[in-house]
Amino acid sequence: MPIRTAVPPRVLTVAGSDSGGGAGIQADLKTMLALGVHGMSVLTAVTAQNSLGVQGAWELPVDAVRAQYRSVVDDIGVQAVKTGMLASAALVETVAELLAGTDAPVVVDPVGVSKHGDALLAAEALDSVRTKLLPVATVATPNLDEVAQLTGVRVTDESGMRRAAEEILGFGPRWVVIKGGHLPGEAVDLLTDGSAEHWLRAPRHDNRHTHGTGCTLASAIASGLALGMDVPTAVRGAKTYVTGAIEAGFPLGGGIGPVDHGWLTRPARPSDQLPTTVGF
């Protein structure tokens, strides 16, 4: 076989580990591989986690997180960075400082709770997310629970998503994706920079195995940005990828299984309606 000499775009995830493999660093790296970029990681926390929930979480020291980041960025370089679970105010502020000094687009997934409702961010860290992390974001990707944590806005319909976007943009990110997956009806997300609006709609699949959707979407957006796409194109491609991964999600353990990060490589079924590529 020929030896590959071209270097793929490089994307760094700064996030926690999910021992069950459905979310966190594991989901991020699977997504990056599926979409054709080279994934690298800075581990911020270790969780004991499975399909039933999070049984324990241990954050890493600030010095360990800083050392990992500098090791990767100073030698290998990055074309995009994605953040996930940051656990504490000290880690949020450290990562925000590192990102501010890095010349690459940043996708911030302001992870607050797990799919099962387990807290993944200390309450006292919320202000650091608002004032330190969101201002360095190219794209922020909160779900409706995270919107409520950060702004106090409770979204119950699509008009509420507009208000939520305004509130999040007020903290400083260039773009925001308000994820409306918790609303009834079709799965709708709002992407906006405060002027242009992009409503992204997809059918809602009858599949409870959706662990890792938020991590996967943010990593897919970062992958698109690293490949040179503008924000709307990267987010549309990420939406398509996540929709396919949700449709193909599978049972694992006794609770909520993960989305299928490798769905693009699976044999197509006659009933499949999604494209076999997502524009990446």
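The values are calculated or read from the model by the stated rules, or taken from the named source; none is laboratory data. These numbers were taken from a predicted model, which means no experiment stands behind them. Methodologically, a virtual Cβ is constructed for each residue, glycine included, from the backbone with ideal geometry; neighbour enumeration extends over all protein chains shown. Heads up: the accessible areas ignore ligands, DNA and RNA and are worked out on the full protein's heavy atoms, side chains in. Shrake-Rupley method; radii C 1.70, N 1.55, O 1.52, S 1.80 Å.
When L86, L60 are screened for being out of contact with any Cys (no Cβ under 7 Å at 6 or more places or on another chain) and touching a residue at least 40 places away in the same chain (Cβ under 8 Å), only L86 passes. Is there any pair linking a residue in region 9-21 that is modelled with pLDDT under 95 to one that is open to solvent by 10 Å² or more (accessible area, probe 1.4 Å) and outside any strand (DSSP E or B), with Cβ under 7 Å and at least six apart or on different chains, and which? Filtered contacts from region 9-21: no entries.
Each residue in region 67-92 was checked for being basic (K, R) and out of contact with any strand residue (DSSP E or B) (no Cβ under 9 Å at 6 or more places or on another chain), and 1 of them qualify. Screening G181 with (1) exposed (fewer than 15 other Cβ atoms within 10 Å of the Cβ); (2) on the phi < 0 side of the Ramachandran plot gives one miss only, at (1). For region 155-231, list the strands (runs of 3 or more DSSP E) that sit wholly inside it and hold at least 2 residues that are touching a Phe, Trp or Tyr at 6+ places or on another chain (Cβ under 9 Å); which are they? Those strands (runs of 3 or more DSSP E) span 187-192. Yes or no: region 57-80 includes at least one residue that is of a type outside the set (K, R), closer than 23 Å to G262 by Cα and under 15 Å from the mean Cα position of the chain (by Cα). The answer is yes; a qualifying residue exists. When residues in region 161-178 are screened for being open to solvent by less than 20 Å² (accessible area, probe 1.4 Å) and either of a type in the set (G, A, S) or more than 20 Å from T151 (Cβ to Cβ) (or both), 2 of them pass. For region 248-276, the candidate set comprises residues that are under 16 Å from A238 (Cα atoms), touching a Ser or Thr at 6+ places or on another chain (Cβ under 9 Å) and modelled with pLDDT under 75; within that set, the residue that is surrounded by the fewest Cβ atoms within 10 Å (Cβ to Cβ) is P275. For region 135-160, the set of residues classified as touching a strand residue (DSSP E or B) at 6+ places or on another chain (Cβ under 8 Å), at pLDDT 95 or above and surrounded by fewer than 24 Cβ atoms within 10 Å (Cβ to Cβ) consists of V136, T138, listed by residue number. Contact map, region 160-174: first residue in contact (Cβ under 8 Å) with a residue 60 or more places away in the chain and closer than 11 Å to T192 by Cα, second residue open to solvent by less than 10 Å² (accessible area, probe 1.4 Å) and in a loop (DSSP other than H, G, I, E, B), Cβ cut-off under 6 Å, separation 6 or more or different chains; pairs are P173/A137.
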